[in-house]
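Read-outs: derived from the displayed coordinates by stated rules, not from any lab. Because the structure is predicted, anything quoted here is derived from the model rather than measured. So basically every Cβ, Gly included, is an ideal-geometry build from the backbone, and we count neighbours across all protein chains shown.
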Amino acid sequence: MTVITRFAPSPTGDLHIGGARTALYSWLHARSKGGKFVLRIEDTDLERSTPEAVQAIMDGMNWLELDWDDGPIFQTDRFGRYKEVINQLLAEQKAYPCFCSRERLDTLREQQMANKQKPRYDGRCRNLTGSQIDLEQDHVIRFKNPQQGAVSFNDVVKGKITIANKELDDLIIARTDGSPTYNFTVVVDDMDMGITQVIRGDDHINNTPRQINIFMALAAKVPDYGHVPMILGDDGKKLSKRHGAVSVIQYRDDGYLPQAVLNYLVRLGWSHGDQEIFSRDEMIALFDVNHINKAPSAFNTEKLNWLNQHYIKVSPIDEIMPHLNWHLDKQAINLADGPDIAEILPEFAERVQTLSDLAMVLKPYYCDFDSFDPKAAKKHLRPAAKEALILVRQKLSALEVWNSDAIQSAINQTAEELSIGMGKVGMPLRVAVTGAGMSPAIDLTLKWVGVTRCLARISMAIEFIQAREQAG
Ligand code: GLU
């Protein structure tokens, strides 16, 4: 039997980390079994669903390259089909119209709560007949949940779960306006789409026995279920905006590579021995739903940063560039205005954890600036450095070739002539040409900044020191 999985988000906001992980696990299960992955948009809540959220979810999936074989299928396009199945259940007397007023239901609930009973519908309209049924009156449609026996399923994550039917009441499957409800539409869709494995958040686990009863009433094959525990913040509380970024697209904006986020998410609640690094192909080859953790996992930004740095370091440049370009554009960096990015990238990739930081450290090599980092300037652009900067500028401007060796010997000679340590030339020079106190080896830094920019920036640093001297 072909494996068919689905991701079924409600489009009420961005694709968040928890949803992305569920999507990833469903996608991996389908891909690892040579099956199909369906994207279904559960947009029946017309008030909360928006086209922007649909787009945001698809943008998140596309960024992570979680491709779907079918869809997006919109539940709002399937109202006719839901109506048909409701009519079928009514005709087979597996569902019934319920005329109970809101007031009656409220009173019932209050009484049950006062008696310390679980609030549930008491089945008053379950057995109405003949003239008791006036479909002109306002009514909902309820599913006739079996009253005897129990529902049992083997959750691939949580193990065997059994619920007595007497714990479940007769669920509303269509509201007064005829619109179908969540637990019903999910079943019709999972049935029609031939879903074989439902992998979703464990906030849905209480819905599953109800859904299984509807599957059985429709004589449809019940899928396997796997309910994935929630993601916690590093403080042990449910992950939320308080913990920082929760939307997947925010991770793109913050400078993460999709491969790092995927690798992070796959390990957040699933393991394969103690392996930490998984390429996309390895994930597909090794993923096994049976190894999803039972316990909730806590988000760990440090680990995500570590993985991101790893992928920035090891990924081939043509994989990094499409993502880096996005950040370069944001910083208005034009690669035509500086050194060959392929030459310098390996040197910088070692030094950063995110692509946004990478764009920031690359900036002085491609763009002019008109001020120095105040902390670095305070420390290194001091009156004592002026003489060294003047002399090194002179030597650099006399160079016939602009390469590492020539630059290094200009710096060495300056230090020798002034009888000062190399650092006393190198550090002011570094701050002068990059604007900040950190950069690769000084000869390479100068080489990549280029002769024209270097000389202009050293002059600017000398002026900065002079102004400082004048200010006392
Ligand atoms: N639409 C539901 C949600 O976004 C998911 C339903 C399901 O996976 O069965 O929480």
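Ordering 90, 328, 381 by the number of other Cβ atoms within 10 Å of each residue's own Cβ, fewest first, gives 90, 328, 381.
Neighbour counting of Cβ atoms within 10 Å sorts the residues 321, 427, fewest neighbours leading, into 321, 427. Under the criterion of Cα pairs below 8 Å and six or more residues apart, the relative contact order for the range 295-429 equals 21 percent.
Between residue 384 and residue 321, the FRET efficiency estimated from the beta carbon spacing at R0 = 60 angstrom works out to 0.90. The angle between the Cα long axis of helix 182-192 and the main principal axis of the chain comes to about 90°, on a 0 to 90 degree scale. Inter-label distance, residue 238 to residue 84: 3.7 nm, where each label sits 7 Å from its Cα along the C-beta direction.
Straight Cα distances below 16 angstrom link residue 241 to the aspartates and glutamates 14, 253, 254, with same-chain residues fewer than 8 positions distant left out.
Distance from the alpha carbon centroid of the range 210-255 to that of the range 131-146 works out to 34 angstrom. Entry note, the range 265-343: relative contact order of 26 percent, from Cα contacts under 8 Å with a spacing of 6+ residues. Largest first, the three principal axis extents of the alpha carbons in the range 260-375 are 57, 31, 21 Å in whole numbers.
What the Cβ-Cβ distance of residue 2 and residue 375 gives, at R0 = 45 Å and to the nearest 0.05, is a FRET efficiency of 0.15. Pair-distance distribution of the range 315-472: all C-alpha pairs, bin width 5 Å, starting at 0; shares per bin in whole percent are 1, 9, 19, 21, 19, 14, 9, 5, 2, 0, 0.
Taking 0.36 nm per residue of separation and subtracting the Cα-Cα distance, full extension of the segment from residue 111 to residue 471 would add 121.5 nm.
Peptides 166-178, 54-66 ranked from most to least packed give 54-66, 166-178, packing being the mean of other C-beta atoms within 10 angstrom over each peptide's residues. Farthest towards the positive end of the charge dipole of the chain, among the residues 112, 323, 269, is the Cα of 112, using unit charges on the Cβ of Lys, Arg, Asp and Glu. Figure legend: label point modelled 7 angstrom from the Cα of residue 74 along Cα→Cβ; residues of the range 9-51 with amide N under 16 Å from it are 9-13, 39-51. Restricting attention to the chain, close to 50% of DSSP beta bridges with both partner residues there are antiparallel.
Partner aspartates and glutamates whose Cα lies under 13 Å from the Cα of residue 313, excluding those fewer than 8 positions away in the same chain, are identified as 347, 350. Computed extension length for residue 135-residue 206: 22.4 nm, one decimal, from 0.36 nm per residue of separation with the Cα-Cα distance subtracted. Cα centroids of the range 161-195 and the range 71-112: 8 Å apart. The label point for residue 463 and the one for residue 118, both projected 7 Å from the Cα toward the Cβ, are 7.8 nm apart. Summary of packing: across the peptides 461-468, 208-215, the per-residue average of other C-beta atoms within 10 Å ranks them, highest first, as 208-215, 461-468. Remark: the residue 451-residue 337 segment gains 39.7 nm on full extension, using 0.36 nm per residue and subtracting the alpha carbon distance. Label zone (residue 329, point 7 Å along Cα-to-C-beta; backbone nitrogen cut-off 19 Å) within the range 46-81: 55-65. Rounded to the nearest 20 debye, the dipole size of the chain about its Cα centre is 1400 debye, using +1 on the Cβ of Lys and Arg and -1 on the Cβ of Asp and Glu.
In terms of surrounding Cβ atoms within a 10 Å radius of their Cβ, 100, 125 rank from fewest to most as 100, 125.
Within straight-line reach of residue 238, meaning a Cα separation under 17 Å, sit the following aspartates and glutamates at least 8 residues removed in sequence or on another chain: 202, 203.
Mean separation of Cα pairs under 8 Å and 6 or more residues apart, divided by the residue count, gives the chain a relative contact order of 12 percent. Each residue, residue 419 and residue 290, gets one label point 7 Å from its Cα in the Cβ direction; the gap between the two is 7.9 nm.
Rounded to the nearest 0.05, what FRET efficiency do residue 409 and residue 350 give with R0 = 35 Å and r taken as the Cβ-Cβ distance? Could you check? Rounded to the nearest 0.05, the efficiency is 0.85. Annotation: the antiparallel percentage among DSSP beta bridges lying fully within the range 1-156 is about 35.
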